[in-house]
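The values are calculated or read from the model by the stated rules, or taken from the named source; none is laboratory data. What you see is a predicted model; the values in this text were computed from it and never measured. Ideal geometry is used to build each Cβ from the backbone, glycine not excepted, and the neighbour counts take in all protein chains shown. Note: accessible area is taken over every heavy atom of the protein model, side chains too, but ligands, DNA and RNA are not part of it. Shrake-Rupley method; radii C 1.70, N 1.55, O 1.52, S 1.80 Å.
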Amino acid sequence: MPLASTRSGSGPRLVLLHGFTQTSRSWSSIADHLAGRFEVVAVDAPGHGASGELDADLWGAADLLVETGGEATYIGYSMGARIALHAALAHPKAVRRLILIGATPGLRSVAERDSRRAGDEELAQFLEREGLERFLERWLANPLFAHLDPGAAGLEDRLRNTVSGLARSLRRTGTGQQDDLWPRLVELAMPVLLVAGSLDTKFASIAGQMATAIGPNAERVLVPSAGHAVHLERPGDFTDTVTGWLERTSSN
């Protein structure tokens, strides 16, 4: 069953997947810009938006993503980057190019994963107990979003989600549920762009380590004066980075 999606523009296909608590609408301004040169497919992840009732783990979500997007360049942010990474490993022929924003290939130790799963379960229970508005207030207060202007956070869009869908997503696609994919990064043979904000020191470092692990087909770009939500904080710089890279790798 394909994921809910919207399509615009024409040309080489780009598939966009949002972060946790967002929907495909979070890409609207970027999709409008890219649709002048590309076919843009913006997707609702399992547990989010019009895909809110779908239940899938990371590998299952990756299968659904590729079923929806087909052969394309895949662009994922945070949770969406984790799912897109799984898609590239599971379906390398479909994922022609891969752009990951604020990505991680997983926690390296069982203890770290257990701790993260416990944290995600606590968040899910808070969401179920306190409701969506209180949860989003807590979520957007996360230091990861310290550089995200409230006007760019898309609260109205996030409120389109449901308690049950987001709680399910936390339990099924959270970082604690992710396998340690560090040893598998070398399998990525397609061009890979790793994007992070220069102010997001944790994920900027991870992006550099990922680029080294993947090899010469990977490139890391740090967007100046941006935190974790690069594409929301610095949309112009982000789209310039992406379109320039797509031009350079268009022969692949």
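In this structure residue 8 has an accessible area near 40 Å², from a 1.4 Å probe over the protein heavy atoms. Taking amide H as placed 1.01 Å from N in the peptide plane, residue 13 has its amide H under 5 Å from the amide H of 39, 73, each at least 5 places away in sequence or on another chain. Using θ = phi - 60° in the Karplus curve 6.51 cos²θ - 1.76 cosθ + 1.60, the 3J(HN,Hα) couplings for segment 181-187 round to 9, 3, x, 9, 4, 5, 6 Hz; x is entered for Gly and Pro. Of 211, 81, 141, the residue with the greatest mean-square motion in the GNM of the chain, using alpha carbon springs below 10 Å, is 141. Provide the net charge surrounding residue 188, with neighbours chosen by a C-beta distance below 13 Å and charges set as Lys +1, Arg +1, Asp -1, Glu -1. For residues surrounding residue 188, the net value is +2. Close amide H partners of residue 198, meaning residues 5 or more places away or on another chain with modelled amide H under 5 Å apart, are 223, 225, 226.
Among 87, 167, 196, the largest mean-square fluctuation in a Gaussian network model of the chain, built with springs joining Cα atoms closer than 10 Å, belongs to 167. Accessible area per residue was computed with a 1.4 Å probe on protein heavy atoms; residue 128 scores about 90 Å². Assuming charge only on the beta carbon of Lys and Arg (+1) and of Asp and Glu (-1), the dipole of the chain about its Cα centre is about 380 debye to the nearest 20. Bridge orientation summary for the chain: considering DSSP beta bridges with both residues in this region, about 15 percent are antiparallel.
Report the net charge of residues surrounding residue 50, where surrounding means a beta-carbon distance below 13 angstrom and charges are Lys +1, Arg +1, Asp -1, Glu -1. Net charge in that neighbourhood comes out at -1. Which of rounded, prolate, oblate describes the chain, given a ≥ b ≥ c as roots of the alpha-carbon gyration tensor eigenvalues and a/c under 1.5 marking rounded, otherwise prolate only if a/b is larger than b/c? The shape class here is rounded.
Comparing Cα centroids, segment 9-53 and segment 59-87 end up 11 angstrom apart.
Residue-wise HN-Hα couplings along segment 142-149, as the Karplus relation 6.51 cos²θ - 1.76 cosθ + 1.60 with θ = phi - 60° gives them from phi, are 4, x, 4, 9, 4, 9, 8, 5 Hz; Gly and Pro carry x. Springs between alpha-carbon pairs under 10 angstrom, Gaussian network model over the chain: which of 111, 94, 213 fluctuates most? It is 111.
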